[in-house]
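Down below is the structure, laid out as structure tokens.
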Amino acid sequence: MGRQFGKLTRVRHVITYSLSPFEQRAFPHYFSKGVPNMLRRIQASVLRVVPPFVAFYLLYTWGTEEFEKSRRKNPATYENNQ
């Protein structure tokens with residue numbers, strides 16, 4: 001019926017290795033090395049990342065408040081209307 005899938009062509013001078021799925025570990029050293037490394041990297045970059053976010057947040061809130069103030073009508077303009 002033909003060749004099996006995965007052996008459709010003959011590749012020469014290429015060595016492939018594989019590991020059985022039953023021998024693999026999905027999260028090797030995840031809690032012992034991965035989490036502490038993640039915390040160390042966050043701690044190292046927090047001073048570069050947080051100040052711009054805080055500055056842009058303050059700028060955004062100030063701009064939104066100013067925009068809402070500019071949309072309000074001035075009550076002094078309508079004092080003498082009856």
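The values are calculated or read from the model by the stated rules, or taken from the named source; none is laboratory data. Every value quoted in this text rests on a predicted model; they were computed, and no experiment measured them. Every residue, glycine as well, gets a Cβ built from its backbone with ideal geometry; the counts of neighbours run over all protein chains shown.
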Only one of (1) among the basic types (K, R); (2) part of a loop (DSSP other than H, G, I, E, B); (3) at pLDDT 85 or above does not apply to R25, and that is (3)
Confirm whether R48 is under 17 Å from the mean Cα position of the chain (by Cα) and modelled with pLDDT of 90 or more. yes
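Listed here are the residues, each with its yes/no results for (1) assigned to a helix (DSSP H, G or I); (2) of a type outside the set (A, V, I, L, M, F, W, C); (3) surrounded by 10 or more Cβ atoms within 10 Å (Cβ to Cβ).
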{"site": "K33", "(1), (2), (3)": "yes, yes, yes"}
{"site": "P36", "(1), (2), (3)": "yes, yes, yes"}
{"site": "P52", "(1), (2), (3)": "yes, yes, no"}
{"site": "F56", "(1), (2), (3)": "yes, no, yes"}
{"site": "T64", "(1), (2), (3)": "yes, yes, yes"}
{"site": "N80", "(1), (2), (3)": "no, yes, no"}
Condition first: among the basic types (K, R) and either in contact with a strand residue (DSSP E or B) (Cβ under 7 Å, 6 or more places away or on another chain) or at pLDDT below 85 (or both). Now tell me which residues in region 6-15 satisfy that. K7, R10
Quick check on S18: is it more than 23 Å from the chain's Cα centre (by Cα), at pLDDT below 95 and assigned to a helix (DSSP H, G or I)? no
